[in-house]
Amino acid sequence: MSIRREQKVAGRFEALLDLHHGPDPDRTGPMDGPIVPGVALTRRTAVRIFEAGLQSRLQDLEARRMKDEGRSYYTIGSSGHEANAVFGHLLRTTDPALLHYRSGAFVSARARRAHGETPIFDAMLSFAAAAEDPISGGRHKVLGSRSLWIPPQTSTIASHLPKAVGLAIGVARLHRLGLPCALPEDSVVYCSFGDASTNHATAQAGFNAAAAAVQHKQPCPVIFACEDNGIGISTRTPDDYIERMFKRRPSLDYFAADSRDVPSAFTQALAAIDHCRRTRRPVFFHLKTVRLMGHAGSDVETVYRTEDELERVEAQDPLLAFADLLLSTGAIDRDGLRALYLDMRQRIERAGHEASSRPKIRTAEQVRAPLELPATDSLRGRTANDARRRQVFGDRLPETDQRPRHLAFRIAQGLKDILAAYPESLLFGEDVAKKGGVYHVTAGLYDTFGPARVFNTILDETTILGLAQGMAQVGALPIPEIQYLAYVHNALDQIRGEAASLQFFSEGRFANPMVVRIAGYAYQKGFGGHFHNDNSIGALLDIPGLIIASPARGDDAVGMLRTCMAAAAEAGKVCLFLEPIALYMQKDLHEKGDSLWECAYPEPGEMVPLGEARVHGASDEDDLTIVSWANGLFMSMQAQKRLADEGIRARIVDLRWLAPLPIDAVKEHALATGRVLLVDECRATAGGPTPLIATALATDPACRDVVIRRIAGDDTYVPLAEAANLVLIQTDDVVEAARQLAAEERR
């Protein structure tokens, strides 16, 4: 049995060139006439589409050869899926395409519709991981192009479907608001994926979100193109599975074609595109394909497929059927097809050798470059003019009101200022509109800015974050809300694998700027149990390129919101804004009525510098430094007063930013006192940021004499009622730990 199938597949095509009987006189005709009766596909256009499919096939073969020679690193190919070139030819270059990794022919066909493209060399640069690769800069083998509106996808599980819906909905919303949009109003979004991926929860979220848009009478012009090759690596998809699951699915309009019948596929694709563009409804396009040469170069198909089965599959090669059609109808003769084949193969081989010689990424700095955060002093931010601010606030502007206010009140005012300053900003999530959110933080914004800018979504975090990404890519500045911290884990890959990675895998050519508000942490006085009292942010701290803000006080919250919006708008960054629920309505710090946790409203334009900590109560006589944030800051400041009454002086460093962490500020104050107490309200094992801080201090020779101690929550879920206090740190714990640390001798 042959383990490698490349020669078998290539040999069948070459045999067709040698043995084909030539044109059938009854099927020939003019080049601009239909290739078969009753279809819009002409012979000339068919040859053009075939060339794109042939290019994709030969690129796959060259990638395998380059891999054998150590010049290529990734060999998932498109062989058997070449009929997607039909969509590449028919769609406009301003119709965004979020592509399955087997859509090489689509890219080839689309590039042929544009000017100045070099698709063969670009593909080879990608295979060779060359730093000149025009989409990822050598970071990954991805299909993508800025000029062709193909944002790169690295998904193998259809996690790009929710943001495809966001793109489709975002175009309509921006045009309806009269705001600048990166795409024409009648654009449609093309989104391809495999049959096995339809089973993934994220894919189902995409289908559901599109159907929900229809039910809510929202335009959602997205074409879900399922390329059904009947197998997911080694797991088979029943032959009629996709049709039975999707043909009668409500609010998804179903079209189908077989890739071995390109004229029919062309006709059906043309109808599907026209239907989607005209009705603004989502379409499910079922394209039957085959998979040739295994899942990837490393996949040994013979482990799970017999020789007979492989022969049967290879005999169904759509490119063979397409070539037979061209030859039989006189669209091209054998000599012409052979010349086309040999010429393209030589061009691809030459491009592969040239691409292999081009420089690779050589430094870690080059790898990280798209993830770099903006310099603190580079962010400008925006403030609405006085007339606009008076329109949304009334005659009494918030900075002129001398009364201190609590955190939730100030966040609401900050959001109102931001929505006024950034007309392209959209605030959405579960219950954020008329209700004003579970904690009423967004109360009044719906009335001020209307349902087109402040709106509720369906109850699904994956959809919320997918909508945000898609809308951001066409020009919106989304402010999605995740109702509770624990809920973000339901959809974490929409941040980790999708939103935060886009700049990295496109070398900054694409971005999905957003500020994700997340209500979270614990200490909610007995409310909710672990889903509402969640104290773990470790999974967020692990994601490269994120900005994570976590204010505890109202004044910081407003200034940090402004900074996050500036970082999103000006640098395309994904920002997470973690709001401590337990402090939303907190007014007093030490005793009832002291109002020490309420704050004034910052002056317009006043921003908190990115990554800058805030220090409370520093003096030259301090005995120790306490480092914390959010609820930990509140408890630390309570402890600071009690310690002072005992003669122990402590300064407090409020981190405020969890990414980037203000490590230099922590080191500065650690050196000033020689003792550091890290107060971490999250779980002890990798729940919060203090292990990172402790490591930074312990590994810095300048801090070798600093005594470091840490307290944190227990490694458990947070229970209900008073039992929560048994596993969360309390003010008494901070006081006791500080006493012990103050009594220790400096090293």
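Have a look at the DSSP beta bridges in the chain and tell me what percent are antiparallel, nearest 5. Close to 20 percent.
Placing a pseudo-label 7 Å from each Cα along the Cα-to-Cβ vector at Thr94 and Glu621 gives an inter-label distance of 7.1 nm. The simple spin-label model puts a point 7 Å past each Cα toward its Cβ; for Asp32 and Lys435 those points are separated by 6.1 nm.
Pairs with C-alpha atoms separated by more than 25 Å, drawn from the list Lys67/Lys288; Lys416/Lys587; Lys587/Lys641, are Lys67/Lys288. Note on the range 67-192: dipole from Cβ charges, positive end direction compared against Tyr73, Ala172, Tyr190; the farthest Cα belongs to Ala172. Ordering Ser595, Ser501, Ser259 from the fewest to the most neighbouring beta carbons within 10 Å gives Ser595, Ser501, Ser259. Placing pseudo-labels 7 Å out from each Cα toward the beta carbon at Ala375 and Asp732 gives an inter-label distance of 5.1 nm. Rounded to 0.05, the FRET efficiency of the Arg176 and Thr716 pair, given R0 = 45 Å and the Cβ-Cβ distance, is 0.40. Taking θ as phi - 60° and the Karplus parameters 6.51, -1.76 and 1.60, the scalar couplings of the range 419-426 work out to 5, 6, 7, 10, x, 7, 6, 10 Hz in sequence order, x denoting glycine and proline. In the range 429-474, taking the dipole from charged Cβ atoms about the Cα centre, the farthest positive-side position among Leu465, Gly429, Tyr446 is held by Tyr446. Coupling constants for the range 301-308 follow from the phi torsions by the Karplus curve (6.51 cos²θ - 1.76 cosθ + 1.60, θ = phi - 60°), and in residue order they are 4, 5, 5, 10, 10, 7, 4, 4 Hz; glycine and proline get x. The long axis of helix 630-645 is offset from the longest Cα principal axis of the chain by roughly 20 degrees.
Given their separation in residues at 0.36 nm each and the Cα-Cα distance between them, Arg113 and Thr279 gain 57.3 nm when the chain is fully extended.
Once a ≥ b ≥ c are taken as the square roots of the eigenvalues of the Cα gyration tensor of the range 614-743, is the result rounded (a/c under 1.5), prolate (a/b larger than b/c) or oblate (a/b not larger than b/c)? Verdict is oblate for the range 614-743. Cα axis of helix 43-68 to longest principal axis of the chain: angle in degrees, 0 to 90, nearest 10? For helix 43-68, the angle is close to 60 degrees. Segment Ser234..Lys217, full-extension length gain: 2.1 nm, with 0.36 nm per residue of separation and the alpha-carbon distance subtracted. Applying a DSSP loop filter and a limit of 16 other Cβ atoms within 10 Å to the chymotrypsin sites (Phe, Trp or Tyr not before Pro) in the range 530-636 leaves Phe531.
For a 4.7 Å threshold on C-beta separation, the list of partnerless cysteines in the chain reads Cys181, Cys191, Cys220, Cys226, Cys276, Cys599, Cys682, Cys703. Taking the fewest neighbouring Cβ atoms within 10 Å as the starting point, the ordered list for Ser145, Ser126 is Ser145, Ser126. Sparsely packed loop sites in the range 245-321 (the trypsin sites (Lys or Arg not before Pro) outside DSSP H, G, I, E and B with at most 14 other Cβ atoms within 10 Å) comprise Lys247, Arg248.
Long-range amide H contacts for Ala225: which residues qualify at under 5 Å (H placed 1.01 Å from N, peptide plane, sequence gap of 5 or more or a different chain)? Those qualifying (amide H under 5 Å, at least 5 residues apart or on another chain) are Cys191, Ser192, Phe193, Phe285. Using θ = phi - 60° in the Karplus curve 6.51 cos²θ - 1.76 cosθ + 1.60, the 3J(HN,Hα) couplings for the range 547-564 round to 9, 10, 9, 8, x, 10, 10, x, 5, 4, 4, 5, x, 6, 4, 4, 5, 4 Hz; x is entered for Gly and Pro.
The ranking of Met31, Met293, Met66, Met124 by Cβ neighbour count inside 10 Å, starting from the fewest, reads Met31, Met66, Met293, Met124. Residues whose amide H comes within less than 5 Å of that of Ile626, counting only those at least five positions distant or on another chain, are Arg651, Ile652, Val653, Leu677 (H built at 1.01 Å from N in the peptide plane).
The relative contact order of the chain, computed from alpha carbon pairs under 8 Å that lie at least 6 residues apart in sequence, is 12 percent.
Summarising the amide proton neighbourhood of Ala659: residues at separation of 5 or more, or on other chains, whose placed amide H is nearer than 5 Å comprise Ile548. When a/c reaches 1.5 or more, the comparison of a/b and b/c decides; with that in mind, is the range 446-589 rounded, prolate or oblate per its Cα gyration tensor? Because a/c hits 1.5 or more and a/b exceeds b/c, the range 446-589 counts as prolate. Among the trypsin sites (Lys or Arg not before Pro) within the range 417-485, those in coil by DSSP and having at most 16 neighbouring Cβ atoms inside 10 Å are Lys434, Lys435.
Read-outs: derived from the displayed coordinates by stated rules, not from any lab. All of these numbers come straight from a predicted model, not from anything done at the bench. With ideal geometry, Cβ positions are generated from the backbone for all residues, glycine too; neighbour counts draw on all protein chains shown.
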